[in-house]
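The structure appears right after this line, and notes come after that.
The values are calculated or read from the model by the stated rules, or taken from the named source; none is laboratory data. None of the values given here were measured: they were computed from a predicted structure. Because the Cβ atoms are built from the backbone with ideal geometry, glycine has one as well, and the counts that use them run over all protein chains shown.
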Amino acid sequence: MYKFCITIHGERHCFDIPLLIDKSVIKRPPPNNYPAFDLAATVLVLTEAVPKSDLSVQLAQVATNYVNQVKAGLPKGVELTQVKESSATA
């Protein structure tokens with residue numbers, strides 16, 4: 001959690017900064033085989049969900065580079081593809 005804090009007339013006032021993710025509800029699905037890949041894929045999903053900024057572009061580039069390294073290291077005949085979730089309701 002991050003807070004902005006300021007001292008006014010000798011009294012400290014702090015304001016919580018809401019984050020995009022509530023860590024209390026994150027449940028890692030098993031198995032925990034590739035945590036670095038899990039992180040890269042999660043970063044890519046998050047950067048798609050927030051407004052584009054210099055930071056989100058840089059994070060997406062780093063995550064994409066990592067995913068591309070994983071793809072390059074896969075055995076022959078194995079491929080890694082991204083499946084976009086549909087937001088349409090049936």
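Look at segment 12-48 and say how many of its residues are assigned to a helix (DSSP H, G or I) and either of a type outside the set (G, A, S) or under 24 Å from K84 (Cβ atoms) (or both).
Within segment 12-48, residues that are assigned to a helix (DSSP H, G or I) and either of a type outside the set (G, A, S) or under 24 Å from K84 (Cβ atoms) (or both) number 16.
Just to check your reading of the model, which residue among N32, N68 is more than 21 Å from M1 (Cα to Cα), polar (S, T, N, Q) and touching an Asp or Glu at 6+ places or on another chain (Cβ under 9 Å)?
N32
Which members of segment 9-23 meet the condition of being under 16 Å from L46 (Cβ atoms) and of a type in the set (D, E)?
D22
Go through segment 49-90 and count every residue that is part of a loop (DSSP other than H, G, I, E, B), at pLDDT 90 or above and either under 16 Å from the mean Cα position of the chain (by Cα) or surrounded by 11 or more Cβ atoms within 10 Å (Cβ to Cβ) (or both).
5
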